[in-house]
Amino acid sequence: MARPTFSLTDDQARLLASRVAALQATFPYDSRNHRPFVRGFLRAVQEATGQLYSPAIYQRLLAAFAPERRPSTATLAAEKQALALEDVFHPKQGAGNAAESVQQPAVSSTQLHAIVSDAVDAALVRSARFSAAGSSQADFYAARLHDTEQELLAARAQAAQLAAELMAARQAVSSLEQETERMRAVVMQQANAVEKLGLEVTDHRKFAMQAIEESRGEARVWKERCVILEGQRKMDAHLLETFRQKAYHAGAAIPDVLLQDKPR
């Protein structure tokens, strides 16, 4: 058997359109939270038609009167059940609603049981869905936590290794600094020794230059003396030869040494 077609009368459509316009102004569009608008829309449909419908009917009505509002089927079902329970436990009172109370029969225990059962089933379905999603999300976060802990352990081990290397490097730097200070002191001592040696070499050089100059002066003096003595010797030899010749002419005897040296 086919389902009866759903349609609104002109009066119902006009009333629902005016209520939707008021809801649009009261609840601006929010993509993250459709529930306030959906609750008011379901109440407006109930006021216009006097009935509750399935989520599919509400989606058709939303497509016609508020196409930008696209709540999920679960949201529509939950709000429908909440509205039904509200009507059961808080029925409308007053003369203004007397006609509606006459036209609409009281909800029987069977209908109340069916409504409560539907609400419980829907709640169980949502709970199971959310539990499954929560379980998978918890597994994901648990895996991420495990990976993070492993990365943290590796980072801590690497940090400890780097700290040990840093300490060893600092100790090596400290040893090198001490060795550098010791070598610097040795170099300073050697520099002082070289400076003293340079002063001593300069003094020795000065002394040597002075000695050389003095030796040169003495050599010049002795050379001049030798020249003078050589001239004196030649003069003495010339005078001796002159006196000897005169002595020979005067009848002096010629020594045997000179006779032997004279050529025959």
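The values are calculated or read from the model by the stated rules, or taken from the named source; none is laboratory data. The shown structure was predicted, so the numbers you read here are calculated from the model rather than taken from an experiment. Note that each Cβ is placed from the backbone with ideal geometry, even for glycine, and that neighbours are counted across all protein chains shown. Side chains included, ligands, DNA and RNA excluded: accessible areas come from the protein's heavy atoms. Shrake-Rupley method; radii C 1.70, N 1.55, O 1.52, S 1.80 Å.
What the phi angles of region 181-187 give under the Karplus curve with 6.51, -1.76 and 1.60, with θ = phi - 60°, is a coupling list of 4, 5, 5, 5, 5, 4, 5 Hz, glycine and proline written as x.
With only Lys, Arg, Asp and Glu charged, each at its Cβ (+1 for the first two, -1 for the last two), find how big the charge dipole of region 138-188 is about the Cα centre; round to the nearest 20 debye. Don't jump to the answer; show the numbers that get you there.
Numbers: 5 positive and 8 negative charges, 58 e Å.
Using only the charged Cβ atoms, the result is roughly 280 debye.
Backbone geometry of region 50-67 corresponds, through the Karplus equation with coefficients 6.51, -1.76 and 1.60 at θ = phi - 60°, to 3J(HN,Hα) couplings of x, 9, 10, 10, 6, x, 5, 5, 5, 5, 5, 5, 5, 4, 8, 9, 8, x Hz, x marking Gly and Pro.
Here region 1-67 and region 182-259 have alpha carbon centers that stand 141 Å from each other.
With θ taken as phi - 60° and the Karplus curve 6.51 cos²θ - 1.76 cosθ + 1.60 applied, the whole-hertz 3J(HN,Hα) list for region 203-220 is 5, 4, 5, 4, 4, 5, 5, 4, 4, 4, 4, 5, 5, 4, x, 4, 4, 5 Hz, x standing for glycine and proline. For region 13-58, the fraction of 1.4 Å probe accessible surface lying on carbon and sulfur atoms is 55 percent.
Straight-distance candidates among the aspartates and glutamates for linking to Lys80, with alpha-carbon spacing under 19 Å and chain neighbours fewer than 8 residues away dropped: Glu47, Asp118, Asp121.
Among 75-88, 154-167, sorting by the average number of other beta carbon atoms lying within 10 angstrom of each residue, highest first, gives 75-88, 154-167.
Each of Asp139 and Glu68 was given a label point 7 Å from its Cα along the Cα-to-Cβ line. The distance between the two points is 4.1 nm. Spin-label model, Phe6 to Ala22: label points 7 Å out along the Cα-to-beta-carbon direction sit 2.2 nm apart. Counting only protein heavy atoms and a probe of 1.4 Å, the accessible surface of region 132-173 is 63% carbon and sulfur.
Packing-wise, with mean Cβ within 10 Å as the measure, how do 58-67, 205-214 rank, highest first? Let's see the in-between values first.
On the way: 58-67: 16.6, 205-214: 10.0.
Highest-to-lowest ranking by the protection proxy: 58-67, 205-214.
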